[in-house]
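Take a look at the structure below.
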Amino acid sequence: MPIDTAQTGPRPGRLTSHEARQRLEHARNSRLAQLRALDESAQSTDAHLVSAQREAIQRVLTEIDEAFARIGDGTYGTCQGCAKPVPAERLEILPYTRYCVACQGRATA
């Protein structure tokens, strides 16, 4: 979903860069809280499981950082697979996604 970079007001089906940044900040803060919780419970949990969870969270944090970069270069909300807008509903659920649903399926297949 392209971003309304003019910030003159949201247009239907578009996110402002401010809205996108807010969603990404929330996602980042949630993942950082998950990492803190893992660190606090690491002593009583299987080390292999904690390591796998930590790696998954770190991957999402990297994706969030990359999404911030896409906001900066104006490509946020555009599918990297087909170059079509990513639906706003998908960006609400996964604000750091790089793909529309169809291309995500191809990317993980």
For this session: Return the distance in nm (one decimal) between the two label points of a simple spin-label model at residue 66 and residue 46, each offset 7 Å from Cα along Cα→Cβ.
Result: 2.8
Exercise. Using a 1.4 Å probe, what is the accessible area per residue for the stretch 20-109, in Å²?
Worked result: 61
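Using the per-residue mean of other Cβ atoms lying within 10 Å as a proxy for protection, in what order, highest first, do the peptides 86-97, 53-64 fall?
On the way: 86-97: 17.2, 53-64: 14.5.
The most tightly packed comes first, giving 86-97, 53-64.
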Seminar exercise, completed: Of the accessible area of the stretch 13-109, computed with a 1.4 Å probe and all protein chains kept, carbon and sulfur make up a percent value of 51
Exercise. With labels modelled as points extended 7 Å from the Cα through the Cβ direction, what inter-label distance (nm, one decimal) is found for residue 102 paired with residue 32?
Worked result: 3.8
Problem set entry | Pairwise label distance in nanometres, residue 58 with residue 84, each label 7 Å out on the Cα-Cβ vector | 3.6
For this session: Express in Å², to the nearest 10, the accessible area of residue 39 obtained by rolling a 1.4 Å probe over the protein heavy atoms while all chains stay in place.
Result: 90
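Expressed as a rounded percentage, what relative contact order does the stretch 12-94 have, with Cα pairs under 8 Å and six or more residues apart?
Computed value for the stretch 12-94: 36 percent relative contact order.
The values are calculated or read from the model by the stated rules, or taken from the named source; none is laboratory data. Since the model is a prediction, treat every value here as computed from it, not as a measurement. Cβ: placed from backbone, ideal geometry, glycine included. Neighbour counts: every protein chain shown. Please note that ligands, DNA and RNA were not included when accessible areas were found on the heavy atoms of the full protein model with its side chains. Shrake-Rupley method; radii C 1.70, N 1.55, O 1.52, S 1.80 Å.
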